[in-house]
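Undergrad: Here you go, one structure.
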Amino acid sequence: MNVQGIKAKPSNSWFISGLGFAQICSWGSLYYSFPLLAEAIERELGWPKPALYGALSVGVLLSAVLAYPVGAAIDRGKGRYVMAGASILAGMLLFAWSRIDTLPMFYILVAGIGALQAATLYDPAFAVIARRVGAKNARGGIVALTLWGGFASTVFVPIIQLLIQFQGWRGALVVLAAVNIIICASLYFRAIDPARDVGVSGGPGSAAPSEGQVRRALGNPVFWLLAVAFTAYFASMTAFIFHLYPLLKERLFDEVTIGMIIMVIGPAQVAGRFFIMMLASKSSARRLGSIAVALFPLTMALIWAGPPLFAAMLFAAALYGAVNGVMTIVRGLAIPEMVSPHAYGALNGILAMPTIIAKALAPLLAAWLWSLQSNYTLPMLAIVIGSLVMAVAFWWAALQRPKTER
C-alpha cells in the first residue's frame, strides 16, 4: 500500500503492518477488554461497578503522568524498548490480575495496566512513525495506523466474549497476557528499528530534539489553543460515549434499537479514516480539523434534541463515528503541521496530559450533572458547550499564521 509519507520500501511496509497488527492487539487486550472483564468479575466476586471502574480511572490518570516521559524517550530513539517493554509488563500485570481475589490488588494491577496505555496505544505509535520518517512526512503512516486500530473492537470484543464464556474471566486474562507478551512485544521490537529512523534532521540515527526546541514550541500560542481544543474534545467525546446508552434509553429507544445505533459508530470511524486516505490525503490538518470541529457540536445537538426517530439517531451516530475517526488523525497531525516538526513525541506527550485527565473525569462529571435533575439535560448541555469551546479554540489556532521553523 502506498500512502503519503510511507514509501513503498519493504522495511516501511513491514513497519506499518507490524505496528498496525500490534495496535489491534494492544487496543483490544488493554482497552476494549475492560468492560467485559469488569462485568464478569462483578457477577462472580460481587464487587460494585463504581469500585471496578474507579480502578480504570486511576489508571487513566496515571497514564497522563507517563505521557511526556514516554514521548521524550521515543524522541531519543527508545521507541522499540518503550513499546515492547510496556507490552511485556502489561502482560505480566494481566497474568497477575487473573490470580487476584482482593479489591486492593485489583486496583494496583488495573491502575498499572491503565498507566501502560501511555506507552502502547496511538500516541507512542504516532511518535514512533514520526521518528522513523520525520514528523512532516508522518501523515500517511498515521492515517494507515488508525485504519488498523479501527478494527480492534471488531476483532477482540467477540474473542474476549468467547474466552469468558468458555474459560471464565481468569482464563481470558491469561490469554490476553500471552497476546501482549508474545504478539505485541515481538511485533513492536521487530517493527521499530532505531537504525532506520530519519529522526528530525533527515539522517539515520539523528539526535533527539533539544530542550530549546521544546521550549520554543511551548511558546507558540497555537500549541495552547490546540491543548484547549483537544481537551474540550476528549472531555465531550468521552462523557458522550460513556452515557450514550442511558441517554438513548431516556429518549425511549428499546435495547435492540440502541444496540443497532451504537454498532454503527465503529464502522463509521473506519469509513471516515478511509475517506481521508483515499480522497483527502493532501488536505491539511487545519482544513480537516476545521470541518470536523464544526460537525461535532451539531452531532451532539442532534442526538440530544433531534427528533426521537431511529433514522435520525442512526445518522447522528454514523456522523459522530466519522468525525471521531477524522479527529484521531487530526490529533496525530496537528503538532508537526501547526506547531513544530521537532520533538514530536515530547510535545504530543505534553498535549496528551490534559486530554487524558479530561477523559478520566468527564464521565464522572456527566454522571454528577445527571444526578442533579435525574435526566440528561444538564450533561448534554455541558457536552454541547464543551464541543463549541473545542470548535472555537481549534478555529482560532487554525487562523494563526504559521511560524517559520529554524
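The values are calculated or read from the model by the stated rules, or taken from the named source; none is laboratory data. Note that the structure is a prediction, hence the values are computed from the model and not measured. Here the Cβ is made from the backbone with ideal geometry for all residues, glycine too, and neighbour counts use every protein chain on show.
Undergrad: Answer with yes or no whether residue 115 is in contact with an Asp or Glu (Cβ under 7 Å, 6 or more places away or on another chain) and either in a loop (DSSP other than H, G, I, E, B) or within 23 Å of residue 355 (Cβ to Cβ) (or both).
TA: Numbers: in contact with an Asp or Glu (Cβ under 7 Å, 6 or more places away or on another chain): no; either in a loop (DSSP other than H, G, I, E, B) or within 23 Å of residue 355 (Cβ to Cβ) (or both): yes.
Against the criterion (in contact with an Asp or Glu (Cβ under 7 Å, 6 or more places away or on another chain) and either in a loop (DSSP other than H, G, I, E, B) or within 23 Å of residue 355 (Cβ to Cβ) (or both)), residue 115 does not qualify.
Undergrad: Additional query: Any idea how many residues of region 343-387 are among the aromatic types (Phe, Trp, Tyr), over 28 Å from residue 135 (Cα atoms) and in contact with a helix residue (DSSP H, G or I) (Cβ under 8 Å, 6 or more places away or on another chain)?
TA: Total meeting the criteria: 2.
Undergrad: For residue 64, only one of the following conditions fails: (1) surrounded by fewer than 20 Cβ atoms within 10 Å (Cβ to Cβ); (2) of a type in the set (Gly, Ala, Ser); (3) within 27 Å of residue 139 (Cα to Cα); (4) at pLDDT below 95. What is its number?
TA: Condition not satisfied by residue 64: (1).
Undergrad: So residue 330 ticks every box in (1) over 18 Å from the mean Cα position of the chain (by Cα); (2) crowded, with 24+ Cβ neighbours inside 10 Å; (3) modelled with pLDDT of 90 or more but one. Which box is left unticked?
TA: (1)
Undergrad: Residues being touching a helix residue (DSSP H, G or I) at 6+ places or on another chain (Cβ under 7 Å) and without any contact (Cβ under 8 Å) to a residue 24 or more places away in the chain: count how many of those fall in region 313-342. Working first, answer last.
TA: We begin by selecting, within region 313-342, every residue touching a helix residue (DSSP H, G or I) at 6+ places or on another chain (Cβ under 7 Å); these are 313-314, 316-342.
From the residues that got through so far, the ones that are without any contact (Cβ under 8 Å) to a residue 24 or more places away in the chain too are 316.
The number of residues fulfilling the criteria is 1.
Undergrad: Cβ contacts < 7 Å: first residue closer than 15 Å to residue 286 by Cα, restricted to region 216-232; second residue in a loop (DSSP other than H, G, I, E, B) and of a type in the set (Lys, Arg), any location; separation 6+ or different chain. Result?
TA: Qualifying pairs under 7 Å: none.
Undergrad: Take region 162-195 and flag every residue that is polar (S, T, N, Q) and touching a helix residue (DSSP H, G or I) at 6+ places or on another chain (Cβ under 6 Å).
TA: Answer for region 162-195, where residues must be polar (S, T, N, Q) and touching a helix residue (DSSP H, G or I) at 6+ places or on another chain (Cβ under 6 Å): just 180.
Undergrad: Here is a check on your reading of the model: is residue 365 surrounded by fewer than 20 Cβ atoms within 10 Å (Cβ to Cβ) and free of Cβ contacts under 8 Å to residues at least 60 places away in the same chain?
TA: Details: surrounded by fewer than 20 Cβ atoms within 10 Å (Cβ to Cβ): yes; free of Cβ contacts under 8 Å to residues at least 60 places away in the same chain: no.
Taking the combined requirement at face value, the residue does not satisfy it.
Undergrad: Shifting gears a bit: Cβ-Cβ under 8 Å, sequence separation 6+ or interchain: first residue in region 31-48 and without any contact (Cβ under 8 Å) to a residue 40 or more places away in the chain, partner of a type outside the set (S, T, N, Q) and assigned to a loop (DSSP other than H, G, I, E, B). Which pairs?
TA: The qualifying pairs are 42/48.
Undergrad: I've got another one for you. Among the candidates 157, 128, which residue alone is crowded, with 24+ Cβ neighbours inside 10 Å, of a type in the set (Val, Ile, Thr) and in a helix (DSSP H, G or I)?
TA: None of the other options fit; the residue is 128.
Undergrad: Anything in region 359-406 that is within 29 Å of residue 59 (Cα to Cα), modelled with pLDDT of 90 or more and in contact with a Gly (Cβ under 9 Å, 6 or more places away or on another chain)? List them, or say none.
TA: Across region 359-406, the qualifying residue is only 394.
Undergrad: Yes or no: residue 227 buried (at least 17 other Cβ atoms within 10 Å of the Cβ), modelled with pLDDT of 90 or more and of a type in the set (Gly, Ala, Ser)?
TA: It is true that residue 227 is buried (at least 17 other Cβ atoms within 10 Å of the Cβ), modelled with pLDDT of 90 or more and of a type in the set (Gly, Ala, Ser).
A quick yes/no check of all residues on (1) without any contact (Cβ under 8 Å) to a residue 40 or more places away in the chain; (2) under 26 Å from residue 358 (Cα atoms); (3) not β-branched (Val, Ile, Thr):
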| site | (1), (2), (3) |
| --- | --- |
| 62 | no, yes, yes |
| 70 | no, yes, no |
| 85 | no, no, yes |
| 96 | yes, no, yes |
| 101 | no, no, yes |
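Undergrad: OK, next. How about region 255-274: which of its residues are of a type in the set (Phe, Trp, Tyr) and loosely packed, with under 14 Cβ neighbours inside 10 Å? Steps first, please.
TA: We begin by selecting, within region 255-274, every residue of a type in the set (Phe, Trp, Tyr); these are 274.
None - no residue of region 255-274 is of a type in the set (Phe, Trp, Tyr) and loosely packed, with under 14 Cβ neighbours inside 10 Å, so the list stays empty.
Undergrad: Another question about this same structure. Kindly indicate the residue of region 286-327 that is surrounded by fewer than 24 Cβ atoms within 10 Å (Cβ to Cβ) and of a type in the set (Phe, Trp, Tyr) and also nearest to residue 233 (Cα to Cα) among those meeting that condition.
TA: Among them, the one singled out is 304.
Undergrad: Determine which single condition residue 39 fails, assuming it passes every other condition in (1) modelled with pLDDT of 90 or more; (2) charged (D, E, K, R); (3) part of a helix (DSSP H, G or I); (4) under 24 Å from residue 159 (Cα atoms).
TA: Every condition holds for residue 39 apart from (1).
Undergrad: Restricting to region 269-302, and then to whatever is at pLDDT 90 or above and among the β-branched types (Val, Ile, Thr), can you tell me which residue is farthest from residue 390 (Cα to Cα)?
TA: Looking at residues that are at pLDDT 90 or above and among the β-branched types (Val, Ile, Thr), I get 299.
Undergrad: In the set 146, 154, 102, which member is of a type outside the set (Asp, Glu), at pLDDT 90 or above and closer than 26 Å to residue 37 by Cβ?
TA: Result: 102 is the single residue among 146, 154, 102 that is of a type outside the set (Asp, Glu), at pLDDT 90 or above and closer than 26 Å to residue 37 by Cβ.
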